[in-house]
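First comes the structure, then the notes that go with it.
The values are calculated or read from the model by the stated rules, or taken from the named source; none is laboratory data. Since the structure is predicted, the reported quantities are computational estimates derived from the model, not experimental observations. Cβ placement follows ideal geometry from the backbone for every residue including glycine, while neighbour counts extend to all protein chains displayed. The area values use the complete protein model at the heavy-atom level, side chains included, leaving out ligands, DNA and RNA. Shrake-Rupley method; radii C 1.70, N 1.55, O 1.52, S 1.80 Å.
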Amino acid sequence: MPNDLLYECFSGIAGDMHLGGMLELGVPLEHLDVELTKLGLDGEYRIEVERRKKMGIAGTHVSVNLENSDTTARGLTEIRNLIGKSALSVDVKTRAISMFELLAHAEAQVHAIAVEKVHFHEVGAIDAIVDIVGAAICLEYISPTRVYCSNVELGSGMVKCAHGLMPVPAPATALLLEGCPTTRGHVDGEATTPTGATILAHAVDHWGDPGIFKSSKTAYGVGTKDFRRPNVVRMSIGEVDSRLETEMNICIECNIDDMTPEAYEPLSERLFSLGAKDVYSTPIAMKKTRPGTKLSVLAAHSLKQEIIDCILQNSTTIGVRAWSVEKSMLPRNLETVVTSLGEVRVKIVTLPDGSKRWKAEHDDVSAIAQQRNLSYLAARAEIDRAIDSYMDDSDGH
């Protein structure tokens with residue numbers, strides 16, 4: 001079943017709007033309530049859900065009401081511990097902690113303080129916990145195959161922060177959505193909050209218009225403010241019909257002329273372990289024709305600061321440059337094929353004309369060659385014949 005998720009944030013997005021949209025999209029309120037109780041925050045908040053309209057558009061509105069006005073803001077370490085010791089699933093814990101880390105790194109950069117010193121007073125401690133952990137619970141329930149988001153409206157005017165009035169977007173929101181397609185000035189006031197930006201920065205795989213989208217269900221999460229356009233976020237489940245897959249990434253590069261070649265391998269391994277999608281080096285001629293190496297890293301926008309920190313910490317460069325890039329890819333999937341020599345993983349891609357090509361995973365072929373005491377070329381030839389037969393049978397069916 002197609003299960004792509006599309007966010008349309010033409011009036012921005014906030015944490016409560018996201019919860020409302022998710023509930024209307026099909027997440028049962030009972031499921032959300034039961035999962036949130038696993039945090040052990042009973043008595044600190046109360047969730048109210050109701051149907052509302054904004055300029056004739058009906059949707060679901062969620063309010064997170066604080067029951068205890070003396071509740072203190074929590075820091076990242078406290079929130080990690082709160083989520084970590086809960087009975088939530090591993091997937092929900094991972095998603096929620098990742099979102100809080102994104103928000104904490106943004107706030108830390110804005111205020112030039114250590115991440116550990118960030119307290120979530122600007123978005124409300126309990127509000128942030130319910131909105132973000134709730135988002136993680138809902139995303140796990142929906143389990144979208146891919147997540148798309150069109151242009152995000154940020155708003156206009158000034159927003160009141162803990163440190164005074166700031167122009168919209170709030171500083172953390174601006175950082176979280178760096179490199180993402182945004183618009184400004186279509187509504188008066190703050191349209192996208194730091195919490196809403198955090199959810200998008202974590203969840204979205206593909207930024208921009210997805211092209212042809214076949215929707216099977218559409219929902220609206222309703223906000224509190226009144227704008228000159230409906231203050232709702234539209235969320236749709238369906239299928240993106242495209243011969244090419246696209247995603248937005250960030251490319252981070254630096255030029256190095258004073259590092260030994262052996263040092264690149266451990267650096268690459270660290271970058272891949274952080275989640276980099278590609279790491280490669282290019283021989284270049286630098287100033288005064290000195291030979292050098294251009295290191296290039298492709299990664300999700302959410303990993304920008306971690307990738308930069310890793311490069312600066314583990315190489316001799318003193319600076320990096322970064323920009324957004326759109327990556328276009330052929331649709332692909334990984335299948336396991338049984339051959340006379342053993343099981344082999346095969347990457348199969350679909351070309352724009354509908355035909356397919358494939359390639360056996362090198363590591364599997366190499367391992368089989370060693371186990372069978374065969375040359376790599378002999379093992380590869382036998383495996384390729386088996387995969388050819390498998391692909392012919394698949395096409396016939």
Item to check | Helix-only mean residue ellipticity at 222 nm for the chain, each DSSP H run of n ≥ 4 adding -39500 (n - 2.57), per residue, nearest 500 | outcome: -11000 deg cm²/dmol
Item to check | Choice from 325, 349, 62 with maximal GNM fluctuation in the chain (Cα, 10 Å cutoff) | outcome: 349
Checklist entry - Which cross-chain or sequence-distant (5 or more) residues have an amide H under 5 Å from the amide H of residue 45, H modelled 1.01 Å from N in plane? => result 67
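I need the trypsin sites (Lys or Arg not before Pro) found in the range 236-317, filtered to DSSP loop residues with at most 11 other beta carbons within 10 Å of theirs. Write down the numbers at each step before the final one.
Details: sites: 243, 270, 277, 287, 288, 294, 304; in loops: 243, 277.
Passing both the DSSP loop test and the Cβ count: no residue.
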Item to check | Amide H partners (placed H, <5 Å) of residue 183, local residues excluded | outcome: 152, 153, 154
Checklist entry - Number of Lys-Lys pairs in the range 284-396 under 30 Å by Cα, sequence gap 8 or more or different chains? => result 12
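May I ask you to list the chymotrypsin sites (Phe, Trp or Tyr not before Pro) in the range 97-169 that are in a DSSP loop and have at most 14 other Cβ atoms within 10 Å of their Cβ?
Values: sites: 100, 120, 141, 148; in loops: 120.
Here no loop site has a sparse enough neighbourhood.
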Next on the checklist: If I build a Gaussian network model for the chain, linking alpha-carbon pairs within less than 10 angstrom, which residue out of 383, 348, 113 has the largest mean-square fluctuation?
Outcome noted: 383
Checklist outcome for this item: SASA check, residue 206, accessible area w/ 1.4 Å probe, all protein chains in place, rounded to nearest 10 Å², comes out at 10 Å²
Checklist entry - Across the range 222-235, in residue order, what do the Karplus-derived ³J(HN,Hα) couplings come to in whole Hz, using 6.51 cos²θ - 1.76 cosθ + 1.60 with θ = phi - 60° and x for Gly and Pro? => result 9, x, 8, 6, 10, 10, 7, 9, x, 7, 9, 10, 9, 10
Item to check | Candidates 268, 215, 366: whichever shows maximal mean-square fluctuation once the chain is modelled as a Gaussian network with Cα springs under 10 Å | outcome: 366
